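Colleague: Structure provided below as structure tokens; questions to follow.
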């Protein structure tokens, strides 16, 4: 069995030579076996082992006894021992999920600090089968059916995923090696325990005695499918998770086969939200339906995510940022100046420029204002304000014969709703003289013969309206 585990480790490149490996030991049979197995295999890769234990504070004295058992085991092998104690019952959340987050936070701390380079956990083929069936019953997609990964990007490895729990207990029994039994594993209040002790045994007995292997093989197929798509789908250079609003084109989704579109959506959700927790098939389909719709606007709240369609764009934003685009701003600005728009990466720059050549009469310069018309007779600098668009705003753009509401201009130019809230406008004594994209007001626009102009430049004309995938 050890040779089989060694082959599995090598095939997945789990443990680089001379790595510092923290072995997560709870005291149960699986993790105790893992420690013994890696201790016997350590010489093959020159591994430096240590023992990791998390005392969750969930089972009173039994939990403390487990910690003492693991500490004694580490000392008997002469291995460093790292323990973390927590009060999981005090966390107001699902206790299993809270305990998992506590463990993984401790794992991350050990890896980030350089204490260990890898952390090995004792997940077995039975754990894989439970995970796959659990996710299948909850409506998971193919990515979820990949189950427990042999190696994670965080540095956690699972060398026992092709080993059955019965094999492990037999191996330990033959060598009279003790382990601890966790009484909470018998508690049927936990869904995973009901799967382990009721549903899986029934399915093995009535349908498939090799069900664990079948479900484990399904995880392998699903994982390989996801790895293929991950390497095939286009990706830009942005971080995998940005926790920032992300924009998709509806055509990017509607033109793609559904299999591709769903993966693009999941990738976008993960990038904007930071994870895929609580995201299921229905959520992905809702966004796909939104993209296919002929309606101009739509909006839906998903777990931790605000999804907004406007014209041919879909904006995915963390729920906490859902109202950021409605904030008002208004402040004085004097040329020359360069200011960043509040809540945006765009920058407004004002320059006063004296022209030495007269332009051709046909030239229309939408972002240049006649400086003389903005300057009072006593030569005082103009009283300019920079603010965002407000409902009811209207003006007459250069080249137009009548005033128009900006709302109409937005619709005509197909400006998404979320971009309108912080749309920059410059006013002179309360009158609109310039707006982003639509340019100078006719009454203040520079003409080809204007010698001194106020030039307005926007550093990011398209704002956020680009796809990140």
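The values are calculated or read from the model by the stated rules, or taken from the named source; none is laboratory data. From a predicted model like this one, the values you see are computed outputs, not experimental measurements. Here Cβ is always computed from backbone atoms with ideal geometry, including for glycine, and neighbour counts include all displayed protein chains.
Colleague: Of 160, 149, 136, which residue is assigned by TED's automatic domain parsing to the domain that holds residue 47, surrounded by fewer than 19 Cβ atoms within 10 Å (Cβ to Cβ) and not in a helix (DSSP H, G or I)?
Modeller: Exactly one residue qualifies, and that residue is 149.
Colleague: Can you find, within segment 293-321, the residue that is surrounded by the fewest Cβ atoms within 10 Å (Cβ to Cβ) among those that are in a loop (DSSP other than H, G, I, E, B) and under 17 Å from the mean Cα position of the chain (by Cα)?
Modeller: Result: 303.
Colleague: Could I ask something else about it? Between 34, 38, 47, which is more than 16 Å from residue 116 (Cα to Cα) and either modelled with pLDDT of 95 or more or more than 33 Å from the chain's Cα centre (by Cα) (or both)?
Modeller: Only one candidate qualifies: 34.
Colleague: Considering only segment 394-419, state which residues are within 37 Å of the chain's Cα centre (by Cα) and over 15 Å from residue 458 (Cβ atoms).
Modeller: Across segment 394-419, the qualifying residues are 406, 407, 408, 409, 410, 411, 412, 414, 416, 417, 418.
Colleague: Taking the conditions exactly as written (at negative phi and either in a loop (DSSP other than H, G, I, E, B) or within 19 Å of the chain's Cα centre (by Cα) (or both)), does residue 200 satisfy them or not?
Modeller: The answer is no for residue 200.
Colleague: Here are some conditions: (1) more than 26 Å from the chain's Cα centre (by Cα); (2) in a helix (DSSP H, G or I); (3) under 22 Å from residue 71 (Cα atoms). Residue 176 meets all but one. Which one does it not meet?
Modeller: With respect to (1) more than 26 Å from the chain's Cα centre (by Cα); (2) in a helix (DSSP H, G or I); (3) under 22 Å from residue 71 (Cα atoms), residue 176 is out only on (2).
Colleague: Any idea how many residues of segment 9-31 are part of a helix (DSSP H, G or I) and buried (at least 18 other Cβ atoms within 10 Å of the Cβ)? Don't jump to the end; show me each part of the working.
Modeller: Applying the first criterion (part of a helix (DSSP H, G or I)) to segment 9-31 yields 9-11, 29-31.
Then keep just the ones that are buried (at least 18 other Cβ atoms within 10 Å of the Cβ); that gives 9, 29-31.
Residues that pass the stated criteria total 4.
Colleague: Pick out the one residue from 34, 110 that is assigned to a helix (DSSP H, G or I), farther than 17 Å from residue 184 by Cβ, in contact (Cβ under 8 Å) with a residue 24 or more places away in the chain and touching a helix residue (DSSP H, G or I) at 6+ places or on another chain (Cβ under 9 Å).
Modeller: Step by step, each of 34, 110 is checked, and only 34 is assigned to a helix (DSSP H, G or I), farther than 17 Å from residue 184 by Cβ, in contact (Cβ under 8 Å) with a residue 24 or more places away in the chain and touching a helix residue (DSSP H, G or I) at 6+ places or on another chain (Cβ under 9 Å).
Colleague: Condition first: at pLDDT below 95, part of a helix (DSSP H, G or I) and in contact with a helix residue (DSSP H, G or I) (Cβ under 7 Å, 6 or more places away or on another chain). Can you find one or more residues in segment 71-88 that meet it?
Modeller: Yes, some residue in segment 71-88 is at pLDDT below 95, part of a helix (DSSP H, G or I) and in contact with a helix residue (DSSP H, G or I) (Cβ under 7 Å, 6 or more places away or on another chain).
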